[in-house]
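The values are calculated or read from the model by the stated rules, or taken from the named source; none is laboratory data. Bear in mind that the values here come from a model prediction, so they are computed numbers and not experimental data. Every residue, glycine among them, receives a Cβ derived from its backbone with ideal geometry; neighbour counts consider all protein chains shown. Each accessible area value is taken on the protein alone, full model and side chains, heavy atoms only, with ligands, DNA and RNA left out. Shrake-Rupley method; radii C 1.70, N 1.55, O 1.52, S 1.80 Å.
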Amino acid sequence: MPDPIRSYDVVVLGAGAAGLMCAAVAGQRSRRVALLDHGSLPGRKILISGGGRCNFTNIHCAPDRFLSANPHFAKSALALYTPRHFLELVEKYKISYHEKTLGQLFCDHSAHAILNLLLAECEKGRVDHVSDAHSIQVERSSSGFRLECAKGEFRCESLVVATGGLSIPKLGATAFGYDLARQFGLGIVEPRPALVPLLLGGKESSWTQLAGVSTLVRASAPSTKTSFVEKLLATHRGLSGPAILQISSYWKRGEPIFVDLTPDQAILAPVVQGRRDAPTLLKALREHLPQRLAEHLAQIAAPQGWSNAALEACERSLHHWPFYPTGTEGYAKAEVTAGGVDTAHLQARTMESRNVPGLFFIGEVVDVTGHLGGFNFQWAWASAVAAGKAV
Ligand code: FDA
């Protein structure tokens, strides 16, 4: 006997942060909702997020914390569903949390609490979960959409695509959402790894000897006016740490990034005012920087002499140190994918396609990418609620 055709008001594809939230909101509006995923478990990225404690939002959420070809697109959804709204849910479920730094809110105990919250909200909305739904094919039908997959045939009026980006293929990331968008004539802003460690090569390989060294820097990308004062971490392959992850989203291949190694603090005053020699230089560097980094800089950044001009040039270079990354660590290590479904093809209040009524895109699959620090989950929640109320 073939499986019966299952009819729903709404099918949501992808049981990640955005898909779970959207299914719950639509279900609680008494829409009959199926939530399909090709994986066997929902919310796998939620569980590994924030080092297992899920940085579920950021109290300083604002549109300028997001990258998109259209920086205005996210404003409407973000205004309609704010961090305060998600916090109300978190508090309703008595999940204890704390602000770690820079407005980033984390669970005190485990990211499981956030996944359980979303599953409970889906339960309230009587959402049908369909796992292991491999090989999903979609076509338009007279009353909406017809889907075929390893779990049978589904029909729905509204179809929500929440299949995420390309980051972390081993957790089930695929290009499905982009392919489906193209199938229905929507544009794609070229996807690229973002919030990702950068690789160094050639002469700059010497920095990898500092693997494990971390220091507070200001990292900036010259073609944007953006900079981040956070920690840099040297790795065996190049650079990481929050400052580098943040600036990686803005970095363009072939361009340098610039690093102020001691943001807003002069280093060489003791050399200018005291003994102008190598030991005094090393001591001055050590005052401000971890020892291994100070020793490295004493070798590769020593002034071209001890004149005022040479010392000033050296000081300037320490605050504007160029790195020429040879690439990124790619989707295997990227926390998110920048680019995605072109927002010019979507309505900002509902996430519905302008040209294909009933077809919605939410979460990371859309060309809206947050900074590090809880912004990407806030976008997942906000875009999901926008669609969940419209389907
Ligand atoms: P998400 O990727 O979560 O879900 C997509 C779902 O679609 C998955 O369940 C997948 O199996 C399914 N799917 C994919 N292809 C399919 C197909 N062909 N057929 C059927 N199903 C398919 N953000 C943040 O704000 N705070 C944080 O602390 C962190 N921490 C963090 C750590 C790490 C290691 C990573 C990789 C990422 C983060 N993030 C983060 C980013 C955050 O996890 C991410 O932005 C959201 O999970 C995106 O939610 P989505 O629901 O859009 O996609």
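A few comments on the model shown:
- Boolean, His109 is under 22 Å from Cys122 (Cβ atoms), more than 14 Å from the ligand (Cβ to nearest atom) and assigned to a helix (DSSP H, G or I): no
- Residue in the stretch 331-349 that is surrounded by the most Cβ atoms within 10 Å (Cβ to Cβ), counting only those that are in contact with a strand residue (DSSP E or B) (Cβ under 7 Å, 6 or more places away or on another chain) and assigned to a loop (DSSP other than H, G, I, E, B): Ala334
- The strands (runs of 3 or more DSSP E) located wholly in the stretch 135-235 that include 2 or more residues which are open to solvent by less than 30 Å² (accessible area, probe 1.4 Å) occupy 144-149, 152-161, 188-194, 214-220, 227-234.
- Within the stretch 136-164, tally of residues that are in contact (Cβ under 8 Å) with a residue 24 or more places away in the chain, within 15 Å of the ligand (Cβ to nearest atom) and among the polar types (S, T, N, Q): 1
- Screening the candidates Val272, Val365 for the property of being closer than 23 Å to Ile168 by Cβ and touching a residue at least 24 places away in the same chain (Cβ under 8 Å) yields one hit, Val365.
- Residue pairs meeting the criteria (Cβ under 6 Å; at least 6 apart or on separate chains; first in contact (Cβ under 8 Å) with a residue 40 or more places away in the chain, in the stretch 241-256; second of a type in the set (Ser, Thr, Tyr)): Tyr250/Thr224; Tyr250/Thr226; Pro256/Tyr324
- Residue within the stretch 199-217 that is under 30 Å from Asn355 (Cβ atoms) and touching a strand residue (DSSP E or B) at 6+ places or on another chain (Cβ under 9 Å) present: no
- Selection within the stretch 350-391: residues that are of a type in the set (D, E, K, R) and surrounded by fewer than 24 Cβ atoms within 10 Å (Cβ to Cβ). The member of this set that is nearest to Gly177 (Cα to Cα) is Glu352.
- Subset of the stretch 323-347 (residues that are under 17 Å from Thr369 (Cβ atoms) and of a type in the set (Phe, Trp, Tyr)): Tyr331
- Exactly one residue out of Ile257, Ile267 is under 24 Å from Val336 (Cα atoms), open to solvent by less than 20 Å² (accessible area, probe 1.4 Å), more than 18 Å from the chain's Cα centre (by Cα) and more than 15 Å from the ligand (Cβ to nearest atom), and it is Ile257.
- All of Asn70, Asn55, Asn116 fail the test of being modelled with pLDDT of 95 or more and within 11 Å of the ligand (Cβ to nearest atom), apart from Asn55.
- Number of the condition not met by Thr328 [criteria: (1) open to solvent by less than 50 Å² (accessible area, probe 1.4 Å); (2) polar (S, T, N, Q); (3) more than 18 Å from Pro242 (Cα to Cα)]: (3)
- Complete set of residues in the stretch 9-44 that are more than 16 Å from the ligand (Cβ to nearest atom) and surrounded by 24 or more Cβ atoms within 10 Å (Cβ to Cβ): Gly27
- Among all positions in the stretch 325-339, there is no residue which is closer than 30 Å to Ala380 by Cβ and over 21 Å from the mean Cα position of the chain (by Cα).
- Restricted to the stretch 304-330, and to residues there that are in contact (Cβ under 8 Å) with a residue 24 or more places away in the chain and part of a loop (DSSP other than H, G, I, E, B), the residue that is nearest to Leu268 (Cα to Cα) is Trp306.
- Whichever residue in the stretch 69-81 is under 21 Å from Pro191 (Cβ atoms) and open to solvent by less than 30 Å² (accessible area, probe 1.4 Å) and, among such residues, is nearest to the chain's Cα centre (by Cα): Ala74
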